[in-house]
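Data first, discussion second: the structure below is written as structure tokens.
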Amino acid sequence: MNLNQLRHFLAVAEELHFGKAARRLGMAQSPLSQSIRRLEQSLGLQLLERDRLHVALTPPGAVLLDEARRILSQVQLAEHLAKRAATGGVSRLRIAFTPASVHSAMPRAVSEFRRRWPGIEVILEEHPTNDQIELLLNGLIDIGVFVYTGDPPPGLSMYTISRPKLSAAAVPSSWPIARRSHIRLSDLAAYPWIMHDPAKNERMYSTIVDACRSAGFVPTVTLYSNQWYSILRLVASGNGVSVSGMGQNLPKADGVTFVKITDLPRQLLTETRVAWAPQAISPQINSFLSLIRRLSPDDAARENHVGPAVKSTAKRRGKARRRSGVPVA
């Protein structure tokens, strides 16, 4: 098994179509099919079930797909780190964030970091949570700050810096419901909803839909957006309602009124986390991690969420940095 075979297998496994995979890889279909057959022969396993019309993963193929993604991401990260070392190391710190994280300790940590490291260029990029995870694994950003629940993805470490709770409905100010001081979740059943794209933030989408089902209805989602400020503009234009935990923290949005929801379930408690790839750690990254943890008012910032695959590595590197005087997150 070699990297080219893994790349070929990954393309076919994701496309489930040899022709589409070949076009994606920029190669002919015949050598692609031969590469997959050689991979299966070397492993002594059937990875794909195929006939003239369909391609499907076998159970061993599904396992290899997850591992192939992880291996190829690690290869890309290693290449990036090597190139960065060849140019003299880190001269910039790339931080990605979601709109919700702007109301955590992140802005203050950025300001303090720039004061401590005046020679480092700080680049801020806004990306959805899933995109940040992929960028971190591929070494294309250094730190991600986003809303997340559950265990860290393999290859990443993260910890919680706040636990905001969804608490308000964002409704058009011209609608009668905007004149109420508070509502129940079921009061929104008759309205069209604007929500985050589940392809970009499946956890948030599922959590809100499950809460609506518990309240006795399924929301009628008419529009999706990946950015909260875009959702606000759509609400202001009378396109529908949305649910937010940021109503009191956001700047006033013309045409939008935030109405308190009194019966939101506890599972709508979310976590804002900071994430990084331990393999890409540097003194600058460590400094920012220490700053954002210290500046986070929530006790949750003291709780580490470290993926099992990297826990021992992170611990060893932490000891080494304490010996060398580098601040440890």
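No value in this document is a laboratory result; all are computed from the given coordinates. Computed from a prediction, not measured in an experiment: that's the story for all the values here. Ideal geometry is used to build each Cβ from the backbone, glycine not excepted, and the neighbour counts take in all protein chains shown.
Only Lys, Arg, Asp and Glu count, each charged at its Cβ (+1, +1, -1, -1), so figure out the dipole size of the range 1-118 about its Cα centre, rounded to 20 debye.
Details: 18 positive and 9 negative charges, 148 e Å.
Once rounded to the nearest 20, the dipole reads 720 debye.
Starting with the fewest neighbours, write out Leu64, Leu77 ranked by other beta-carbon atoms found within 10 Å of each beta-carbon. Walk me through the numbers on the way to the answer.
Details: Leu64 22, Leu77 19.
Neighbour counts put them in this order, fewest first: Leu77, Leu64.
Let me understand the range 168-268 better: what is its radius of gyration from the alpha carbons, and its Dmax, in angstrom?
Spelled out, the Cα radius of gyration and Dmax of the range 168-268 are 12.3, 34 Å.
Which ³J(HN,Hα) values in Hz, rounded to whole numbers, follow from the phi angles of the range 73-80 under the Karplus curve 6.51 cos²θ - 1.76 cosθ + 1.60, where θ = phi - 60° and Gly and Pro get x?
Coupling constants for the range 73-80: 5, 5, 4, 5, 5, 4, 4, 5 Hz.
Report, by chain and number, residues whose modeled amide H sits under 5 Å from the one on Leu93, excluding near sequence neighbours (fewer than 5 apart, same chain).
Under 5 Å from the amide H of Leu93: Glu121, Val122, Ile123.
Enumerate the amide H contacts of Asp263 below 5 Å, restricted to partners 5 or more residues apart or on another chain; note that Pro and chain-start residues carry no placed amide H.
Amide H neighbours of Asp263: Leu185.
Which order results if Val218, Val102, Val256 are arranged by neighbouring Cβ count within 10 Å, fewest first? Before the final figure, lay out the partial values.
Values: Val218 11, Val102 17, Val256 23.
Ranking Val218, Val102, Val256 by Cβ neighbours within 10 Å, fewest first, gives Val218, Val102, Val256.
Of Gln29, Gly44, His17, which is farthest towards the positive pole of the range 1-50's charge dipole, taken about the Cα centre with +1 and -1 on the beta-carbons of Lys, Arg and Asp, Glu respectively?
Gln29
By count of other Cβ within 10 Å, fewest leading, how are Lys200, Lys260 ordered?
Working: Lys200 18, Lys260 14.
Ordered from fewest to most neighbouring Cβ atoms within 10 Å, Lys200, Lys260 come out as Lys260, Lys200.
Regarding the range 3-83, what's the average projected area of the Cα-atom convex hull, expressed in nm²?
On the way: hull surface 21.9 nm².
Mean shadow area of the hull around the Cα atoms is 5.5 nm².
Mind checking which of Ala169, Pro192, Val221 is farthest towards the positive end of the range 168-268's charge dipole, using Cβ charges of +1 (Lys, Arg) and -1 (Asp, Glu) about the Cα centre?
It is Ala169.
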